Amino acid sequence: MTEHYDSRETRDPAEREADLFARLPQVLRQAMAAPGYARHLAGIDPAAVVDRAALAKLPLLRKSDLPALHKAAPPFGGFVEGRPGSFGRLFTSPGPIFEPESLHADPWRGARALFAAGFRPGDVVLNTFSYHLTPGGFIFDSSARALGCAVIPAGPGNTEAQFELIEAYRPTGYSGTPDFLKILLDAAGGAGRDISSISRALVSGAAFPKSLQEEIKSRGVDAYQAFGTADLGLVAYETSAREGMVVNEDLIVEVVRPGTGDPVPEGEVGEIVVTSLDPHHPWIRLALGDLTATLHGQSGCGRSNMRIKGWMGRADQTTKVKGMFVRPEQVAEIGRRHPELGRLRLVVTREGETDVMTLRAECASPDEALRSEVASTLRAVTKLQGSVDLVAPASLPNDGKAIADQRSSG
């Protein structure tokens with residue numbers, strides 16, 4: 001069996017670096033044709049950005065700033081050259097942030113991540129990421145099809161219908177969150193349904209702790225992790241070496257000190273910053289707000305690109321719950337809709353293998369009707385189910401924290 005998707009994965013690192021930075025100046029020129037980038041990168045000479053030191057001098061574009069930028073100049077904040085009609089699909093993700101899908105094959109760069117996880121042309125893949133408005137479902141759908149796989153566009157939920165599809169089509173692969181994979185396995189066992197055809201998985205969008213990894217492995221599914229975003233697609237992916245995640249091709253990844261654009265030494269935890277070389281929709285130093293650290297040396301699988309440890313938490317308070325980003329701005333919106341509330345804190349925990357969120361809200365006159373109203377607002381604003389705990393005034397810490405993620409990142 002071929003071990004690598006193509007020869008680019010195993011080329012000399014110096015050759016890859018030279019290729020990336022030889023292409024970057026032209027990508028910068030294309031980016032700066034968009035008015036947002038023209039302002040953001042004013043005074044930059046693209047021809048001079050030929051190595052990492054020069055790239056590090058460019059300003060960051062923070063993902064956390066995109067909702068305001070997109071609202072000020074819809075739909076893409078001026079950071080995309082071309083009309084919406086020049087793209088394939090048009091998505092939104094919480095914020096809101098608006099994302100276009102490029103027209104070329106494998107626009108989200110996921111085929112090689114699936115290949116590294118053991119997927120091969122001719123496989124049938126059950127894709128349970130959502131196809132509704134957000135790009136997750138289409139990221140993995142288009143990636144699997146680019147690899148030559150057939151895709152069952154299942155989306156999340158409705159396990160009974162999923163069992164019928166699995167028993168009819170006998171997919172060998174699964175893509176989706178690790179939480180929903182466990183739900184499927186548990187429900188199938190309880191209902192006596194046969195989903196044993198699924199033997200491999202590429203999971204993303206939620207924490208995948210060791211306990212869950214071991215449980216899923218014990219139940220016959222070899223699951224690999226991928227790290228990606230709705231803006232960039234697949235950024236890095238796990239391989240058979242099980243030693244961190246290999247950075248995807250056609251991306252320049254930096255790890256910088258949080259709050260700055262300064263690269264940190266190898267091995268030090270910092271914020272992930274990505275520059276993509278997609279000429280149709282480039283990103284220049286997009287700071288994701290996610291923490292990671294680089295690993296020394298090359299992967300034992302033979303792939304020669306940079307490796308990162310994977311997701312290690314958030315550099316800001318924005319966090320991910322059940323695969324969806326939740327932002328401090330959303331917590332503030334709940335407060336604006338309910339002025340009778342005082343301080344708010346969204347607490348994210350984990351019960352068993354499931355993300356759980358509870359909104360703690362100060363309130364002088366709590367009652368069940370208000371609690372129910374706030375719970376409905378929480379669901380409407382975040383698109384996620386959560387509980388509400390109305391607490392006494394001045395009982396929450398005065399530390400400016402709107403979101404407290406109390407899950408372990410291990």
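Where a number appears in this text, it was derived from the coordinates with a stated rule and is not lab data. Keep in mind that what you see is a predicted model, and the values were worked out from it rather than measured. All Cβ positions, glycine included, derive from the backbone under ideal geometry; neighbour counts span all protein chains shown.
For the pair E3 and A380, label points projected 7 Å from Cα toward Cβ lie 5.6 nm apart.
What's the extension gain from T260 to K217 if we count 0.36 nm per residue and subtract their Cα-Cα distance? Walk me through the numbers before you get to the answer.
Numbers: separation 43, 0.36 × 43 = 15.48 nm, distance 3.95 nm.
Taking 0.36 nm per residue and subtracting the Cα distance, the gain is 11.5 nm.
Here the extension length gained between E164 and A72 equals 28.5 nm, from 0.36 nm per residue of separation less the Cα-Cα distance.
Annotation: for a label point projected 7 angstrom from Cα along Cα→Cβ of E333, residues of the range 364-407 with backbone N closer than 17 Å are 374-386, 402-403.
If you count, for each residue, the other Cβ atoms within 10 Å and average over each peptide, how do 242-249, 154-161 line up from highest to lowest? Intermediate results must be reported in sequence, preceding the final value.
On the way: 242-249: 20.8, 154-161: 15.9.
Sorting 242-249, 154-161 by mean packing, highest first, produces 242-249, 154-161.
Dipole check for the range 51-128: with +1 at the C-beta of Lys and Arg, -1 at the C-beta of Asp and Glu, and the Cα centre as origin, the magnitude is about 160 Debye.
Taking the chain as a Gaussian network of alpha-carbon nodes connected by springs under 10 Å, the highest mean-square fluctuation of the residues G267, G352, G95 belongs to G352.
Over the range 1-141, the hull volume per residue, using the convex hull of the C-alpha atoms, is 142 Å³. Select from M357, P328, A392 the residue farthest towards the positive end of the dipole of the range 321-405; place +1 on Cβ of Lys and Arg, -1 on Cβ of Asp and Glu, and compute about the Cα centre. The listed residue farthest towards the positive side: P328. Length gained on full extension, S86 to R407, computed as 0.36 nm times the residue gap minus the Cα-Cα distance: 111.5 nm. Put a dot 7 Å past the Cα of S372, heading toward its Cβ, do the same for S197, and the two dots end up 4.5 nm apart. Charges were assigned to the Cβ only: +1 to each Lys and Arg, -1 to each Asp and Glu. The resulting dipole of the chain about its Cα centre is roughly 420 debye. The range 16-42 and the range 160-230 have their alpha-carbon centroids 40 Å apart.
Projecting the Cα atoms of L90, M312, Y224 onto the charge dipole of the chain, computed from C-beta unit charges around the Cα centre, puts L90 farthest toward the positive end.
So in the chain, what percent of DSSP beta bridges are antiparallel if you round to the nearest 5? The partial results should precede the final answer.
Details: 39 of 64 bridges.
Around 60 percent of the beta bridges assigned by DSSP in the chain are antiparallel ones.
Computed from point charges on the beta carbon alone (+1 for Lys and Arg, -1 for Asp and Glu), the dipole magnitude for the range 78-205 about its Cα centre is near 300 Debye.
Once the convex hull of all Cα atoms in the range 269-410 is built, its volume per residue stands at 153 Å³.
Take every DSSP beta bridge with both residues inside the range 260-410 and express the antiparallel ones as a percent of the total, to the nearest 5.
Numbers: 20 of 28 bridges.
Rounded to the nearest five, the antiparallel share is 70 percent.
Projecting the Cα atoms of A68, Q162, T292 onto the charge dipole of the range 7-316, computed from C-beta unit charges around the Cα centre, puts A68 farthest toward the positive end.
Suppose we take every Cα in the chain and form the convex hull; what volume per residue is that in Å³?
Values: hull volume 60.7 nm³, N = 410.
Per-residue hull volume (Cα only) is 148 Å³.
Result for the chain in a Gaussian network model with C-alpha springs under 10 Å: among G259, G228, G323, the largest mean-square fluctuation is at G259. With a simple spin-label model that places each label point 7 Å from the Cα along the Cα-to-Cβ direction, the separation between A22 and H296 comes to 3.1 nm.
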